Structures are given as C-alpha cells and as structure tokens.
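Undergrad: Supplied in structure tokens, the structure appears directly below.
The values are calculated or read from the model by the stated rules, or taken from the named source; none is laboratory data. Keep in mind it's a predicted model, so treat the numbers as computed, not measured. Methodologically, a virtual Cβ is constructed for each residue, glycine included, from the backbone with ideal geometry; neighbour enumeration extends over all protein chains shown.
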Amino acid sequence: MVAAAVVIGVRPALPDGAITADQAAALRARLEQAETQQQALRGQLVTADAELAIERAARRALEDNLSALQVQAGQLRDRVAFYDQLLPAGPAGTVSIRAVEMTRVPAGLRYRVLLMRSARPGLPPFTGALHFMATGTLVGKDVRIPLAALQAAPDVPVAVAIDTPADSRRPGAETLEQPGIAAQAASAPITSLPASTPEPMAAGVPVQVDQYLSTEGMLALPEGFSPSSADVNVVQDGVVLATQQAAVSF
C-alpha cells in the first residue's frame with residue numbers, strides 16, 4: 001500500500017520543449033496584447049495617412065490659389081499700366097476727352113463719352129458739364145446747333161449758326177428767320193446768328209470725374225435736322241477745358 005501511494009504522487013516528466021497550461025495562457029495573453037497594439041498602430045497609420053493626404057490637398061489648393069493670385073496681380077498691373085497711359089498729361093486734375101461716339105437713332109442722337117483725369121490721392125472730384133454742338137443740314141442749309149439732353153430739351157427757340165458764303169449775307173438773302181424757310185424747319189422756331197456772335201450753349205449734362213468716367217445718353221434733335229458731326233465740350237464755370245469732334249454714324 002505504501003509503495004502504491006508513492007507511485008501515485010509522482011508526476012510524469014514532460015517531453016522536451018513542452019509548456020505548461022499556465023505558460024500557454026500567458027503566451028496567448030501576450031499574443032492578444034501584441035495584436036491589439038498592432039491594430040492600434042494600424043489605426044494610427046491610417047489616421048496619419050489621411051492627415052497627410054489632407055495636408056497635401058490643402059497645399060495643392062494653396063499653390064493653385066497662389067498661382068491664380070499671381071496671374072490676377074499681373075493682369076491688374078497691366079491694367080494699371082494701361083490706365084496710366086490713358087491719363088492725360090499736365091497738372092493734377094486735368095480732364096481730357098479720350099473717346100467720343102455719336103450715333104443717330106430714331107429718338108435723337110445717342111452719345112457715349114469717356115473722360116480721363118490725372119488726379120492724385122486726396123484731390124476732390126472734377127465737377128463740370130458736357131456741352132454738345134452739332135453740325136449738319138437743316139432745310140438745305142449748313143448749320144451748327146447746340147444740343148441738349150433729350151429729357152431736358154426746352155421748348156424754346158433754337159439759335160442756329162448758318163454757314164454761308166459772305167456774299168450771300170446781303171439784304172434779301174434767305175435766312176432761317178424768313179417765314180417760308182422757318183416753316184420747313186420743324187416745330188421749334190429757328191433764329192440765325194451773325195458770324196461774329198459766339199456759338200450758344202444748350203443746357204449741359206452735369207458730370208463728376210474722379211479718375212475716369214464713361215457716360216452715355218440721348219440728345220434731342222430739331223425735326224428735319226440731319227447731323228453729320230458733333231463737338232463735345234467739357235465746361236467748368238463757363239470755361240471750355242477740353243473739346244473733341246466726332247462724326248455721326250447712322
């Protein structure tokens with residue numbers, strides 16, 4: 001009986017390389033921990049890759065914006081240089097007429113005028129008016145007529161300068177004052193001016209110019225008057241500061 005008890009209490013020897021259950025459990029725990037750490041590292045790597053992609057995209061967007069801004073800056077520099085060339089020479093505040101367009105339309109005479117001014121910062125805007133004088137024919141006569149804006153055209157006699165040879169200005173010569181000719185000249189009464197009389201001015205179109213101004217509008221024409229050209233005058237306090245003539249297009 002004693003011998004049997006001794007035999008039962010002895011553990012059999014483990015083969016070489018074998019591990020116990022506790023060691024296997026510990027290894028499994030370490031493996032699970034390593035896998036968990038690996039998954040965490042993979043997640044961090046994915047996050048880092050996403051952040052890097054976002055940063056790269058943001059950098060590309062900034063580079064594109066920078067390129068666009070550089071192109072825009074170049075265009076603005078070219079535009080500034082272009083307008084610098086358009087600015088009139090002379091003292092600060094000088095106003096010039098850069099372009100005039102006159103078009104005959106059924107309602108009257110349409111105008112477009114571009115004014116430029118050499119103004120330095122702090123200089124108050126130029127305030128004046130545009131006055132128009134048209135040259136053309138009326139009842140077979142060459143005349144010059146001051147024109148007013150269509151909405152401001154007054155229903156008063158229109159003063160007209162008649163371009164006629166000197167020898168025709170004699171007693172009995174035809175003028176637009178004679179009833180037979182005036183009746184053909186439309187509803188507005190017409191009066192002739194002596195050659196020495198300054199050309200009259202109709203109501204001007206007010207303008208205010210800082211550096212440049214593009215303005216357009218409509219001028220009233222006497223019935224039967226066929227304009228061939230028109231003068232544009234920039235006037236301030238009764239003084240003509242600039243003038244330009246343009247042919248009338250139909």
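Undergrad: Show me the strands (runs of 3 or more DSSP E) found entirely inside the stretch 211-250 where at least 1 residues are free of Cβ contacts under 8 Å to residues at least 60 places away in the same chain and either on the phi < 0 side of the Ramachandran plot or of a type in the set (Lys, Arg) (or both). Give the derivation first.
TA: Details: elements: 212-219, 226-236, 239-249.
In the stretch 211-250, 239-249 are the strands (runs of 3 or more DSSP E) which contain 1 or more residues that are free of Cβ contacts under 8 Å to residues at least 60 places away in the same chain and either on the phi < 0 side of the Ramachandran plot or of a type in the set (Lys, Arg) (or both).
Undergrad: In the stretch 237-250, what residues are in contact with a strand residue (DSSP E or B) (Cβ under 7 Å, 6 or more places away or on another chain) and either among the β-branched types (Val, Ile, Thr) or modelled with pLDDT under 95 (or both)?
TA: Of all residues in the stretch 237-250, those in contact with a strand residue (DSSP E or B) (Cβ under 7 Å, 6 or more places away or on another chain) come to 240-250.
Matches in the stretch 237-250: Val240, Leu241, Ala242, Thr243, Val248, Ser249, Phe250.
Undergrad: Within the stretch 225-250, how many residues are over 24 Å from Thr127 (Cβ atoms) and buried (at least 16 other Cβ atoms within 10 Å of the Cβ)?
TA: 3
Undergrad: Do we find a residue being over 30 Å from Val205 (Cβ atoms), modelled with pLDDT under 90 and not basic (Lys, Arg) anywhere in the stretch 79-88?
TA: Filtering the stretch 79-88 down to residues over 30 Å from Val205 (Cβ atoms) leaves 81.
The next check asks that each one be modelled with pLDDT under 90; those that pass are 81.
Filter once more, so that each one left must be not basic (Lys, Arg): 81.
Within the stretch 79-88, one or more residues are over 30 Å from Val205 (Cβ atoms), modelled with pLDDT under 90 and not basic (Lys, Arg).
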